[in-house]
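The values are calculated or read from the model by the stated rules, or taken from the named source; none is laboratory data. As the structure is a prediction and not an experimental result, all values here were calculated from the model. Every residue, glycine as well, gets a Cβ built from its backbone with ideal geometry; the counts of neighbours run over all protein chains shown. For the accessible areas, the whole protein counts, side chains as well, though only heavy atoms, and no ligand, DNA or RNA atoms are used. Shrake-Rupley method; radii C 1.70, N 1.55, O 1.52, S 1.80 Å.
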Amino acid sequence: CVKRSVLLANYFLKLTKELSMKFGGHETFPIREGWLHKGLKLLIENPGMFSDKYVADFLGVGRNMAKSIRHWLLATNLASIEFHKGDREIISSKLEPTDFGRLVWDKDPYFLEIVTWWALHINLVKSQLAGSWQLFFNYFSLNRFEKSVCFEAQQRHLEMSSQRMPSLKTLERDLNCLLASYSIQIPPKSQDPEDASNCPFQELGLMRYFKSSGYYEIDRGVKNIPAHILGYALSINFEEVRTGEGVVDVSFQKMTQLASGPVGVLALTSESLFELAQRAENELPSQDLCLVGLAGERMVRVQKKSPIQWIEECYQKIIESAPYAS
C-alpha cells in the first residue's frame with residue numbers, strides 16, 4: 001500500500017511538471033499537408049493504434065514523423081491523453097479525440113477550410129505543449145526581425161520567469177519549427193506541385209521571410225480571418241463569454257492586453273482588431289456580436305457560447321453558402 005502511494009505521488013509530481021510550458025516534441029517537423037488527416041483518421045477509426053509499436057506503418061510515415069504527428073494532434077487539441085484507473089488504482093493513459101477533434105473530423109476531415117487552421121493556430125498558442133508559440137505570439141512585439149533577435153528575446157523571457165529553461169539547442173529548434181511553419185518566402189522558391197512539405201499554417205498569411213536580407217516580417221493586418229474566429233478567440237480566452245446565457249461586454253483594452261487574447265494570437269494591432277470586429281458585426285447575426293460604446297470605452301457585445309459552438313456554426317455557414325447546397 002505504501003509502495004503504491006509512493007508510485008502515485010511520483011506520477012502526479014511528474015504530471016504537474018508536464019503541465020508547465022514545453023518545448024520540442026515535434027521532432028523538428030512542422031505540420032505537413034495531410035498529416036493531421038492521417039493522424040485523426042487513425043485516432044477515430046482505430047483509437048488503440050497510437051499505442052502500437054507499428055503506428056508509423058499504419059500512418060505511412062517514418063518513426064520520427066509518427067511521433068511528430070502524435071505531438072501535433074495533442075498540441076492543436078485534436079486529441080488528448082485520457083488517464084484511467086484500474087482495479088488496483090494503477091493509472092493508464094490513452095490517446096483519444098477531443099470534442100473539437102470529432103467536430104473537425106465530422107465537418108472538415110481533410111482540413112480544407114481556413115477556419116479549421118485558424119482554430120488550430122489559436123489552440124497551439126494556448127497549448128502548454130507549444131512553448132515557443134506562447135512566447136512568440138504573446139510576448140514578442142517586433143514586426144520585423146532577424147531570427148537571432150527573436151531567439152534572444154525568448155531566452156531572456158524564460159530567464160526572467162519561473163519557467164524551467166530548456167537547453168538552448170531545444171529552444172532554437174523549437175523557434176526554427178515555428179518560423180518554418182508560418183513564414184512565406186519572398187521571393188517565392190520554386191515549388192514542386194507534388195511537394196507536401198510546406199506547412200498549411202502558411203496559408204494564414206501571418207509571416208513573410210525575405211531571403212535576401214534574412215529578415216522576417218509579421219502581418220498585423222486583418223488578413224483572411226473568418227468572423228467566427230473572433231468569437232472563438234473570445235470564448236476560449238474569457239470564461240464569462242463561454243459560460244451562462246445571454247450576452248456579455250468585453251472591452252477592447254482587455255482584448256488587447258490579455259495574453260493569448262485576439263491581438264496577440266491573431267497578430268493584430270488595436271486598430272486592425274477594431275476593423276475585424278466591424279467586419280464580424282456585419283457578417284454575423286446581430287445577436288452574436290456587435291460594437292457598443294460604454295462610458296467612452298469601446299466594447300464588443302458578444303453572445304455567450306462555447307468555443308466549439310463558434311466553429312460548428314462557421315462550418316454550418318460554409319455548408320449553407322456552398323453552390324450545391326439545397
Restricting the range 281-326 to residues that are open to solvent by less than 30 Å² (accessible area, probe 1.4 Å) and either more than 21 Å from the chain's Cα centre (by Cα) or of a type in the set (Asp, Glu) (or both), the one farthest from residue 251 (Cα to Cα) turns out to be 322
Residue set 216, 209, 232; condition in contact with a helix residue (DSSP H, G or I) (Cβ under 8 Å, 6 or more places away or on another chain), aromatic (Phe, Trp, Tyr) and closer than 19 Å to residue 311 by Cα; output residue 232
Out of (1) touching a residue at least 40 places away in the same chain (Cβ under 8 Å); (2) open to solvent by 60 Å² or more (accessible area, probe 1.4 Å); (3) in a loop (DSSP other than H, G, I, E, B), the one residue 102 does not meet is (3)
Counting only residues in the range 302-326 that are modelled with pLDDT under 95 and not in a helix (DSSP H, G or I), the one nearest to residue 116 (Cα to Cα) is identified as 322
If we ask which residues in the range 236-277 are part of a helix (DSSP H, G or I), touching a residue at least 60 places away in the same chain (Cβ under 8 Å) and hydrophobic (A, V, I, L, M, F, W, C), their number turns out to be 3
Checking the structure you have, find out if any residue of the range 179-189 is touching a helix residue (DSSP H, G or I) at 6+ places or on another chain (Cβ under 9 Å) and at pLDDT below 90. no
Per the list (1) surrounded by 13 or more Cβ atoms within 10 Å (Cβ to Cβ); (2) part of a helix (DSSP H, G or I), residue check on residue 129 breaks on (2)
If we keep only residues of the range 144-162 that are surrounded by 12 or more Cβ atoms within 10 Å (Cβ to Cβ) and out of contact with any helix residue (DSSP H, G or I) (no Cβ under 8 Å at 6 or more places or on another chain), then the residue modelled with the lowest pLDDT is 161
Only one of (1) in contact (Cβ under 8 Å) with a residue 40 or more places away in the chain; (2) β-branched (Val, Ile, Thr); (3) out of contact with any Lys or Arg (no Cβ under 7 Å at 6 or more places or on another chain) does not apply to residue 61, and that is (1)
Taking the range 44-73 and the residues there that are of a type in the set (Ser, Thr, Tyr) and either part of a helix (DSSP H, G or I) or on the phi > 0 side of the Ramachandran plot (or both), the one that is least open to solvent (accessible area, probe 1.4 Å) would be 68
